[in-house]
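Have a look at the structure below, then the notes.
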Amino acid sequence: MKRILLIDDNPTAQEMLSRMVPRFGDGPWELDWADTYDKGLKKLTEGGYAVCLLDYRLDEGKDGLALLKAARAAGNTTPTIFLTAETDPALDEQALQAGAMDFLVKAEFTPRMLARSVRYARKMGDTLEQLRLLSIHDGLTGLKNRREFERLLTEEWQRCARFERPFALVVSDIDFFKRINDTYGHPAGDAVLKHVANLLSGQLRTVDHLARVGGEEFAIIMVETNLEDARLIMERLLVLLAASPCTLPDNGGTVNVTLSAGIALMPDDADTTQALFDAADKALYTAKRTGRNRVVT
Ligand code: GH3
Ligand code: MG
Ligand code: MG
Ligand code: MG
C-alpha cells in the first residue's frame, strides 16, 4: 500500500483527492490527511509517505512553503507537490527552490495531470535517493565515505559541545596492506578491505559511525564513550580481527590481517574537528611505530 499525505486545511480538497487518489495507476493507494500546519509537519517528518501534496495557505496564517522548509531542515526528503489555489508565479518559483517537485493550481489541474505529477515525483524522488546514497557511501565496502564521515563528525562535534557529551574518534589503518596486494593481488586486497569492514561494522553499536576514510583506513565516532572504553572496544576488535583470517577470493586460502588504531577524545584532546583528527592520526602513527596491531590513545 502506497501512502499519499495531503496537507490542506480545506475539507473540500480532502473530498476531491480521496476520489482521485484510489484511481491512480500502480496502486493500491491510500490517502492520509492533515488539516493543520502542525499535524502536517509532524506526519511528514515521521515519514512513510510516497508523496506529499501540500497546500499553500494553512491554518493560523502559516503556509506550506514554511512547512516544506521546516521538513527539509529536519532531514525529510519525501517528494512533495504543491497543490494550491494560489496562482502567483513567484510562489511557484519559491516552491521549486524549496525542493518541491511540481506546483499545481487547484482550478487548473485534471486528475490525469495529478496522477502524472505524482508518478514523476516518485520516480525523481527514487533517483535522488539513489544518488544521495551513492554520494555518502564507499562502493567497495558499503561503509560511509570520507565526505559523509566529515559531515557526521561536525554534527557530532556540535552536539557534544552543546550537551557536554564526550565522544571518541578512532582512526585505524590496516598493517602492511601493500604487502597483501603485492603478494596475493589487488582482488585479494579488496577482499581484505571488505573483511575488515564487515568485522568492524558487526561489532560496533548502531549509534556509532564507521567509515572508510582512505584506501585502507577506517575511522569511527564512538558516541558517549570515554577514552578508556574506546580503547577497550578497539583492543577487543583487534584481538577478534587477528583471530579471524580473511578468506581469499581465488584459491580459498587465508591471510592474517591486523590493524593499528589511534584514539582521541572530544572535548579533551582538541578544539576543532581537524585538530581532533590530527590527534587521533598522531596516536595511530605511534601505534605503527611501536610495533603495529595495537591501540594508542
Ligand atoms: P602500514 O602498516 O605502515 O600502514 O603499511 P601499508 O602497507 O598498509 O601502507 P601503505 O600506505 O604503504 O599501503 C597502502 C596500500 O593500500 C597502497 C595502495 O595501493 C593500497 N590501496 C588503496 N586503496 C585500495 C583499494 O581500494 N583496494 C586495494 N586492493 N588496495 C588499495
Ligand atoms: Mg488552504
Ligand atoms: Mg596501512
Ligand atoms: Mg594507510
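The values are calculated or read from the model by the stated rules, or taken from the named source; none is laboratory data. Small disclaimer: the values here were computed from a predicted structure and weren't measured. Every residue, glycine among them, receives a Cβ derived from its backbone with ideal geometry; neighbour counts consider all protein chains shown.
Side notes on the structure shown:
- In region 1-30, the residues that are over 13 Å from Tyr49 (Cα atoms) reach residues that are surrounded by 15 or more Cβ atoms within 10 Å (Cβ to Cβ) and of a type in the set (D, E, K, R) with C-beta atoms within less than 6 angstrom, at least six apart or across chains, in these pairs: Asp8/Asp55; Asp9/Asp35.
- Cβ-Cβ under 9 Å pairs, at least 6 apart or on other chains, region 53-65 side farther than 27 Å from Pro111 by Cβ, far side hydroxyl-bearing (Ser, Thr, Tyr) and assigned to a loop (DSSP other than H, G, I, E, B): Glu60/Thr36; Lys62/Thr36
- Residue in region 32-48 that is outside any helix (DSSP H, G or I), of a type outside the set (Asp, Glu) and under 17 Å from Gly99 (Cβ atoms) present: yes
- Scanning region 251-297 for residues that are under 21 Å from Phe163 (Cβ atoms), touching a residue at least 60 places away in the same chain (Cβ under 8 Å) and either acidic (Asp, Glu) or in contact with a Gly (Cβ under 8 Å, 6 or more places away or on another chain) (or both) yields one hit, Asp268.
- Per-region count, region 206-219, residues farther than 18 Å from Phe177 by Cβ and either within 16 Å of ligand 3 (Cβ to nearest atom) or surrounded by fewer than 17 Cβ atoms within 10 Å (Cβ to Cβ) (or both): 2
- Some residue of region 254-261 being assigned to a strand (DSSP E or B), away from ligand 3 (no atom under 16 Å from the Cβ) and touching a strand residue (DSSP E or B) at 6+ places or on another chain (Cβ under 8 Å): yes
- Looking across region 206-215 at every residue that is closer than 17 Å to Ile233 by Cα and at pLDDT 95 or above, the one that is farthest from ligand 4 (Cβ to nearest atom) is identified as Asp208.
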